[in-house]
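Some notes on the structure that comes next.
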Amino acid sequence: MFVQLKETLQAGGRIDRDQAEWLFTACPDEELRELAQIVRGRYHAPTAASWLKMAIVNYTNVCVARCDYCAFYRFPGQPDTYTLSFEQVRAKIDALVALGGDMVGFNGGFHPDLSLEHYTELFAKCRATFPELAFYEMTIAEFMFVAKRGKWSYADAAKAFADSGTRWITGGGSEVLDDAFRMRHSPGKYKVEDYYDAQRAVLNAGMGSTATMVIGFDESLEERLNHIERLRSFQDQEDGRLTSFLCWTYKPYETELGGAEVSLNEYLRWMATCRIYLDNIKHLRTSVLTRNNDAMMGLAYGADDFDLPTEDEVTQSAGATISHDFEGVLNSARELGFDPQHRSPFPVWTDAQ
Ligand code: SF4
């Protein structure tokens, strides 16, 4: 199987779902890395790697979705809920700037009292105050909730965000895009087709978006494969408009679901499988947020890019530890033979035309 797949990939070909399953479950590690580097090499030089510094600002922990894998949210009315004012958001962004940061990702709960206009005003103030930074202003999951709450169609809501100056609504909040998984763990959040309808509306409004995935809950391999199969198909249909794919691992501490973290080897093998299968996504990102310095090994399994995170309360609530020893992470990449270079935020696909 390895020789056949190698020939296919060297000829610029594509693997199918069964072959992806074989890669993850049976391909020896060294051969898996070799195949991942073939697809990586279609887009990037062998030792190239890029990074930027990013804070995730969690503007509210109020959420009505009740995902059982989430240690961050509080239901409305609970005593330890919060919603940050603009001044509080600004203080967090000031802290990022002091650390030499490049980008802010906003991520919060499904707050039932915050309207689309609340978000567009908050984000516009942030852009005006920090014109030197890039902003990931929402995730698709939050976007869907805000649109539904205000009875907006996805197209109209996306247009309203784009008209207000929003550049990115990222593919966060996707975890495992499989309806059986979603029914088990977050039945009120969305259905998979709904997710892609929303993401298509975001892209059609001229904004950028990304793909993400989280592994290590109780998802089956079948469910993981459903996620990447549907994602590749969507990316084909949308002419490659999703900029990047980021996979990270579930942190189980303090969550209702509980469980144990997946091993580093499982994470790396899944990363390589994704690099090979998702051949229509240019950038594959490895997660320092959930794997710390070990994430740099992902570069050898097909990744080419990563964030140096400065804060993210969502994953920290569930056990993630964030270090500001940025040079230590970069040195880990160098020790593996990579040449990590600071980059500018990726352009929105419309800018790149
Ligand atoms: S993962 Fe997001 S949507 Fe789900 S409960 Fe947590 S904050 Fe809410």
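The values are calculated or read from the model by the stated rules, or taken from the named source; none is laboratory data. Just so we're clear, the structure is a prediction, and the values are computed from it rather than from any experiment. With ideal geometry, Cβ positions are generated from the backbone for all residues, glycine too; neighbour counts draw on all protein chains shown.
The table that follows gives values for the structure above.
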{"quantity": "Condition broken by Glu175, with the remaining ones in (1) over 16 Å from Arg66 (Cα atoms); (2) touching a Lys or Arg at 6+ places or on another chain (Cβ under 9 Å) satisfied", "calculated": "(1)"}
{"quantity": "Residue in segment 259-267 that is crowded, with 23+ Cβ neighbours inside 10 Å and part of a helix (DSSP H, G or I) present", "calculated": "yes"}
{"quantity": "Considering residues of segment 126-159 that are more than 21 Å from Ile56 (Cβ to Cβ) and touching a helix residue (DSSP H, G or I) at 6+ places or on another chain (Cβ under 6 Å) only, the residue surrounded by the fewest Cβ atoms within 10 Å (Cβ to Cβ)", "calculated": "Gly150"}
{"quantity": "Condition check for Thr166: of a type in the set (Val, Ile, Thr), in a loop (DSSP other than H, G, I, E, B) and away from the ligand (no atom under 14 Å from the Cβ)", "calculated": "yes"}
{"quantity": "Filter result for the condition that a residue is more than 16 Å from the chain's Cα centre (by Cα), more than 16 Å from the ligand (Cβ to nearest atom) and either surrounded by fewer than 16 Cβ atoms within 10 Å (Cβ to Cβ) or modelled with pLDDT under 95 (or both), over Leu221, Leu225", "calculated": "Leu221"}
{"quantity": "Qualifying residue in segment 140-153 (condition: within 14 Å of the ligand (Cβ to nearest atom) and not in a helix (DSSP H, G or I))", "calculated": "no"}
{"quantity": "Hits in segment 309-324 (condition: in a loop (DSSP other than H, G, I, E, B) and more than 16 Å from the ligand (Cβ to nearest atom))", "calculated": "Thr321, Ile322, Ser323, His324"}
{"quantity": "Residue within segment 329-349 that is out of contact with any Gly (no Cβ under 6 Å at 6 or more places or on another chain), in a loop (DSSP other than H, G, I, E, B), modelled with pLDDT of 95 or more and within 26 Å of Leu203 (Cα to Cα) present", "calculated": "yes"}
{"quantity": "Ser209 being under 30 Å from Ser153 (Cβ atoms), buried (at least 23 other Cβ atoms within 10 Å of the Cβ) and among the hydroxyl-bearing types (Ser, Thr, Tyr)", "calculated": "yes"}
{"quantity": "Filtered residues of segment 60-83 (kept if surrounded by fewer than 18 Cβ atoms within 10 Å (Cβ to Cβ) and not small (Gly, Ala, Ser))", "calculated": "Val64, Arg66, Asp68, Arg74, Phe75, Pro76, Gln78, Pro79, Asp80, Thr81, Tyr82, Thr83"}
{"quantity": "Of the criteria (1) within 12 Å of the ligand (Cβ to nearest atom); (2) out of contact with any Gly (no Cβ under 9 Å at 6 or more places or on another chain), which one Asp197 fails", "calculated": "(1)"}
{"quantity": "Thr273 farther than 22 Å from Thr315 by Cα, in contact with a Cys (Cβ under 9 Å, 6 or more places away or on another chain), at pLDDT 95 or above and β-branched (Val, Ile, Thr)", "calculated": "yes"}
